[in-house]
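Okay, structure first, notes after.
The values are calculated or read from the model by the stated rules, or taken from the named source; none is laboratory data. Note that the structure is predicted; figures quoted are calculated from it, not measured. Here the Cβ is made from the backbone with ideal geometry for all residues, glycine too, and neighbour counts use every protein chain on show. Remember, those area values only see protein heavy atoms, side chains included, never the ligands or the DNA or RNA. Shrake-Rupley method; radii C 1.70, N 1.55, O 1.52, S 1.80 Å.
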Amino acid sequence: MGKKTAKIKKVVLAYSGGLDTSVMIYWLKKKYKCQVIAFTGGVGYGKDLESVRRRALKAGASKVYAEDLREEFVCDYVFPALKADAIYEGKYVLATALSRPLIAKKLVDVAKKEKADAVAHGCTGKGNDQVRFEVSINAKNPELKVLAPLRNWELKTRLEEVEYARKNRIPITVNKTQLYSIDSNLWGVSIECGALEDPWAQPPEDAYRITVSPEKAPAKAEVLEVSFKNGIPVGINGRAYKPVELIEKLNKSGGSHGVGRADLVENRLVGIKSREIYESPAAVILHTCHRELQNLTLDRDTLHYKELIAVKYAELIYNGLWDSPLKEAFDGFINKTQEYVTGTVRIKLYKGSCIVTGRKSPYSLYDKGLATYDAGDSFSHESAEGFIRLWGLPLKVRAAVMKKVKGKRK
Ligand code: ARG
């Protein structure tokens with residue numbers, strides 16, 4: 001213990017403003033006799049960075065960095081995942097997972113600027129986030145020490161933390177009615193714990209934060225036209241939007257129609273199955289539109305190959321490997337495929353559903369002459385005959401051989 005105490009003079013802590021990390025400022029100072037610098041990154045809805053700053057100082061931080069990271073989050077993390085069609089286990093749009101490498105990068109930057117010898121985070125020892133933070137931090141700076149007090153400090157329950165805070169006069173705001181563990185950002189809200197720990201239990205309505213229940217959604221549908229340029233969403237209903245505003249607008253519209261809810265038992269990297277619910281209206285709308293536009297503009301082989309990569313890409317994000325060379329190599333492929341993913345998709349939001357009703361693009365590969373069943377058909381029907389003969393040849397040959405072999409056996 002004495003060893004550690006001697007070594008660490010300055011720590012940069014990923015500070016959320018909640019109970020764990022507020023207590024952690026005091027605990028770190030006491031344990032290591034070090035300075036604690038708090039870092040807060042705003043990736044969600046107008047998080048009140050000023051009040052977080054005040055709270056960190058009151059809890060004993062010697063300095064606070066509170067930065068609005070929304071634009072960087074959307075442009076450098078969310079959009080690459082959207083272009084990749086990255087969705088984990090068929091349902092999770094990776095909102096929490098995508099924010100971790102960005103926060104890790106900022107922690108490393110602040111640590112360098114402040115000449116700190118360690119960074120710290122408030123993740124538990126059971127989740128994915130500890131892995132994502134630590135892998136990303138060390139991929140950026142292999143020398144930096146990472147502390148995870150929640151994994152090994154003596155405070156075993158929330159109640160003990162509250163007690164510790166009271167004894168040491170650490171200002172905290174504890175909400176006793178806090179039933180769930182929630183992580184939220186522009187790309188989605190992740191909700192776990194409490195009543196959700198029973199995978200059979202229907203999620204209580206009070207668990208949701210940004211969507212109404214489909215039953216309570218308006219009886220009138222809302223139609224939106226979402227435009228993309230090179231795989232990136234740039235406008236809604238003919239109006240140009242900046243990245244952050246575009247996502248905010250779609251969260252609002254989608255949320256008001258009950259779009260974007262998901263309920264799943266997912267496989268954590270650490271081997272645990274966990275039940276989690278998600279709300280991600282904008283992400284669901286954009287993924288739906290993006291895939292549809294690709295259906296129109298990508299050739300079959302590229303499209304199908306890209307689907308294989310999407311699964312792997314989502315796993316890399318989920319498993320904390322955002323900074324891996326494999327992910328970087330995939331980006332080269334994915335960006336190339338997005339060259340002509342430009343155009344507009346029309347969708348209808350209605351009582352929890354997001355249904356595509358139209359798509360168009362200057363690079364559309366759809367050929368009406370080839371597809372039509374009416375007059376003007378340009379497809380070569382005679383060629384189909386020869387094509388089928390060769391296409392099915394291996395199966396036909398095999399069937400003939402089998403018939404002969406089996407006939408002999410009798
Ligand atoms: N299970 C998700 C993930 O690993 C979200 C975890 C977020 N934490 C929470 N408090 N809900 O990415």
The lone exception for Asp20 - which of (1) more than 15 Å from the ligand (Cβ to nearest atom); (2) among the acidic types (Asp, Glu); (3) at pLDDT below 95 it fails: (1)
Enumeration of residues in region 80-109 that are touching an Asp or Glu at 6+ places or on another chain (Cβ under 9 Å), more than 14 Å from the ligand (Cβ to nearest atom), open to solvent by 10 Å² or more (accessible area, probe 1.4 Å) and of a type outside the set (Asp, Glu): Pro80, Lys83, Lys105, Lys106
Check on Gly255, without any contact (Cβ under 8 Å) to a residue 60 or more places away in the chain and either open to solvent by less than 10 Å² (accessible area, probe 1.4 Å) or not in a helix (DSSP H, G or I) (or both): yes
Of all residues in region 5-54 being surrounded by fewer than 24 Cβ atoms within 10 Å (Cβ to Cβ), hydrophobic (A, V, I, L, M, F, W, C) and more than 18 Å from Lys145 (Cα to Cα), the one that is nearest to the chain's Cα centre (by Cα): Leu49
Members of region 118-153 that are charged (D, E, K, R), open to solvent by less than 40 Å² (accessible area, probe 1.4 Å) and not in a helix (DSSP H, G or I): none
Candidates Leu144, Leu102, filtered to the one that is under 25 Å from Leu269 (Cβ atoms) and touching a residue at least 60 places away in the same chain (Cβ under 8 Å): Leu102
Hey, Tyr77 surrounded by fewer than 22 Cβ atoms within 10 Å (Cβ to Cβ), over 22 Å from Ile8 (Cα atoms) and within 15 Å of the ligand (Cβ to nearest atom) or not: no
Qualifying positions in region 277-308 - surrounded by fewer than 24 Cβ atoms within 10 Å (Cβ to Cβ) and among the acidic types (Asp, Glu): Glu292, Asp299, Asp301, Glu307
Search result, residues across region 327-347 that are open to solvent by less than 80 Å² (accessible area, probe 1.4 Å) and closer than 26 Å to Ser256 by Cα: Gly343, Thr344, Val345, Ile347
Yes/no for Val162 being within 14 Å of the ligand (Cβ to nearest atom), touching a residue at least 60 places away in the same chain (Cβ under 8 Å) and surrounded by 17 or more Cβ atoms within 10 Å (Cβ to Cβ): no
Hits in region 312-326 - residues which are surrounded by fewer than 18 Cβ atoms within 10 Å (Cβ to Cβ) and within 16 Å of the ligand (Cβ to nearest atom): Glu315, Asn319
Some residue of region 175-189 being at pLDDT 95 or above, in contact with a strand residue (DSSP E or B) (Cβ under 6 Å, 6 or more places away or on another chain), over 27 Å from Gly254 (Cα atoms) and not acidic (Asp, Glu): no
Any chance Ser353 is modelled with pLDDT under 95, open to solvent by 30 Å² or more (accessible area, probe 1.4 Å) and of a type in the set (Ser, Thr, Tyr): no
Qualifying residue in region 224-239 (condition: at positive phi, in contact with a Pro (Cβ under 7 Å, 6 or more places away or on another chain) and more than 16 Å from the ligand (Cβ to nearest atom)): no
